[in-house]
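> Here it is: the structure, laid out below.
Bear in mind that the values in this text are calculations on the coordinates, not laboratory data. Please read all numbers here as calculations on a predicted model, not as lab measurements. Virtual Cβ from ideal backbone geometry, glycine too; neighbours counted across all protein chains shown.
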Amino acid sequence: MPWRKKYTRPLRCGQPRPRCRQHIALFVCVVFAAVLVPNFAAGQARTWTYSADAEKIFSNGLAAYKQGHFDETLNHLRLLAEFPLNQRSSVGQFLLGKTLYRLGHFAEAIDAALVLQRRFPISRYLPNARLLIGDSFFNSKHYSEAASQYGRLLATQAPLGIQAQAAERLAAMYWNGQVKEQERTRLRQAVGAGRLREALFFGRARWYQRLGWQEEAAEAMQTYRDSVVSGIFAPIAAVWGSDLTVYRPRVGAESPRLGLLLPMTGVDYRIGEELRDGVQLANREADSPFELVVADTGVDYGNLPIATDLSDAISESPASGLLRVAYGAQRLLDQGVVAIVGPLFSSSSVVAATVAARAGVPLLVPLAQQSGLDSLGHSIFQLSTVPTTEARLLGEYATLVLGLEHLAIIAPLSDYGWDFSREFIRIAERNGGQVAHSDWYVPNETKDFRLVFEEIRKAGFALRPPPPDTLEVVEGELEAEEELTADMFIDTIDGIVVVVESFEDAQTIAPQVHFHRLQTQILGNDAWWDPEAIRQMRPGERKNFDGVIFVSARQAESVAEQSFVSSFRKQFRRDPHYASAGYDATRLLIDGWEQGHRDPAALIEWLTTVRFYQGASGTISLSPDVRSNNALTLLKIERDKVRSLDTGDLPQMDAAE
């Protein structure tokens, strides 16, 4: 690049600093190997190694636990604990606590859960462990401590199902007089008066139902619906009362039914139709093993100007859309489907997941990227990656491989942007990086990023090295301190993470990075994937994208994608946009069915074994513990192409000084 500013560091952006070289040298091979064969969505940081023996021991322990042989379970789990850190260490520690609890060893169960919290600080089982601690305190008659644990689950981010259990337990303690006034005051302060009130209303209905008091439970749930607007438990309340415990799928001599929970009417009908077309294409290619059954989650208001997405002053109630999803999922179950594909959006997926989980039917969510959705039940599978998984890989690569020390991040003002930004900053700072500035924008609306980049320039200017001698006197006066000017180039920000929810936002932001004279490495998330848009850019536009590195589940020049696109164009006479996700969901189910997994429970078990499936929408990896797609790789934009990273993209390592 022809431009340089006055203060120029001896190290280029992306070149490791001397004090970081030793640290990077230890990790670069490990992290780059993860780039080539990645799986960053484990409940703990990926410092473990896979062990087939540990897998076998854990499976034996789990089987013994399910059969009620708890002493045998303990023997297996204690043997598992002797192994080096592996893929079953975290869940094994949690199962140990559960087993001790079932044996009535409540103090030991608490100790086991606390060990899980200390050894695996980012384990997906931490909320389960906190619930276990609360239950153990309760059974030990330490009611104040139990209430405190349940309250913390309600006050912090936790899976909805676990929060519902905490609400039920806390409500029972309240109405039984086991929570004293002093503890109630502490709970109101910790949880919030509104959240606590909602939890007690909802929890009382769950408690009555557990006692078998159906009329009282229904009355309490109606009180919850009447008293709470848009509460956190609304998705569960929407399907309250459905008897899904006796669900029986339609299998046997007739063709098994596959349910599609998609909008066929309303503003989103085009997306729903395209996903359905992808499902149909996969089913036809396999000689139609499934009978397809569609439940429409949309609504046609005709000529009335009623929006269904809260984008207008005249909008339908959010509960209306959620109810359509709940009723649609129930209709599919009533028709005996063996699996469901859909729905579209995160909020709808939460409701559908609640219904499917209670029935034990696999739900394959093709597009939603809601973090924690898979935690609602063991039958829920997300084919898209979630923001925390993307941020984790990108943060590891930026700091440990590229050696970027000073970073900035720009993210959309949404829950996706919040989750991505928070996780990236956590990983970067854990690895010794510094996020000098973070900022937000309104996705698809913000066009002028001048104020954002002015703040990033100020942060970068503050990081510049001082003059050689700040006390040097020139002609009897101190040298004047240089000020930041608009024509000055800033190269002290090593990397800018630009998180987008659409490629259109990437097209808006990337040119402004260069316009504001920032010499830096641009890093991005999965939404930067749009090879066709990059290919069609004019050379002057394309230079703003050259060298961008982003994380994605997609594969450059994927044979599976090319074959799908060709087949889809031939069948439907148009280009696909979302159909590949429906196609992949159906292909996975067909593969499992043809391999002999011919009921919902068997399909669920089989889906947890899917590893690096090369699909039309990208690579898919699932597991029993992480049922959102965790197969990610790193890609680089180079001229008019998107290619996979290779060893040539690693920064050169200088000799140790």
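> Could you calculate the contour length gain from Gln434 to Lys543, that is, 0.36 nm times the residue separation minus the distance between their Cα atoms, to one decimal place in nm?
36.5 nm
> Let me ask something additional. Starting from the Cα-Cα distance between Ser414 and His69, subtract it from 0.36 nm times their residue separation and give me the gain in nm to one decimal.
Additional length available on full extension: 119.5 nm.
> What is the distance, in nm, between label points placed 7 Å from the Cα along the Cα-to-Cβ direction at Gln178 and at Ile232?
2.1 nm
> Over 20 Å between C-alpha atoms is what I'm after, so list which of Lys98/Lys180; Lys447/Lys641; Lys543/Lys641; Lys458/Lys636 land there.
Beyond 20 Å: Lys98/Lys180; Lys447/Lys641; Lys458/Lys636.
> Here's a follow-up. I'd like the Karplus ³J(HN,Hα) series for the range 488-502: coefficients 6.51, -1.76, 1.60, θ = phi - 60°, whole numbers in Hz, and an x wherever there's a Gly or Pro.
7, 8, 10, 10, 8, 8, 6, x, 10, 8, 10, 8, 10, 9, 8
> List the residues whose amide H sits under 5 Å from the amide H of Val435, counting only those 5 or more places along or on another chain, with H placed 1.01 Å from N in the peptide plane.
Amide H neighbours of Val435: Leu407.
> Okay, next question. Tell me, what ³J(HN,Hα) does each residue in the range 72-88 have, in order and in whole Hz, if you take phi through Karplus 6.51 cos²θ - 1.76 cosθ + 1.60 with θ = phi - 60° and put x for Gly and Pro?
Each residue of the range 72-88 in turn: 5, 4, 4, 4, 5, 5, 5, 5, 4, 5, 7, 6, x, 3, 9, 5, 10 Hz.
> So, R0 is 30 Å and r is the distance between the beta-carbons of Glu454 and Arg639; what FRET efficiency does that work out to, to 0.05?
0.50
> Filter the trypsin sites (Lys or Arg not before Pro) in the range 553-657 to those in DSSP coil with at most 10 other Cβ atoms within 10 Å of their Cβ, and list the result.
Within the range 553-657, the qualifying trypsin sites (Lys or Arg not before Pro) (loop, at most 10 other Cβ atoms within 10 Å) are Arg573.
> Skipping prolines and chain starts, which residues have an amide H placed within reach, meaning under 5 Å, of the one on Leu260, given they are 5 or more residues away or on another chain?
Sorted by chain and number, the residues that satisfy this are Val293, Val294, Ala295, Val341.
> Taking the Cβ of Pro443 as the centre, find all other residues whose Cβ is under 12 Å away and add up their charges (Lys, Arg: +1; Asp, Glu: -1).
Counting the neighbours of Pro443, the net charge comes to -4.
> State, as an integer percentage, the relative contact order of the range 52-238 based on alpha-carbon contacts under 8 Å between residues 6 or more apart.
12 percent
> Same structure again: For Arg422 and Ala218, what does the FRET efficiency come to when R0 = 45 Å and r is the distance between their Cβ atoms, rounded to the nearest 0.05?
0.70
> Does the range 37-169 come out rounded, prolate or oblate by the C-alpha gyration tensor, with a ≥ b ≥ c the root eigenvalues, rounded set by a/c under 1.5 and, if not, prolate when a/b is larger than b/c and oblate if not?
It comes out oblate by the Cα gyration axes.
> With labels modelled as points extended 7 Å from the Cα through the Cβ direction, what inter-label distance (nm, one decimal) is found for Met264 paired with Arg573?
Rounded to a tenth, the inter-label distance reads 2.2 nm.
> From the phi angles alone, apply the Karplus equation (6.51, -1.76, 1.60; θ = phi - 60°) to the range 258-265 and give each ³J(HN,Hα) in whole Hz, x where the residue is Gly or Pro.
Result, rounded to whole Hz: 10, x, 10, 10, 9, x, 9, 9.
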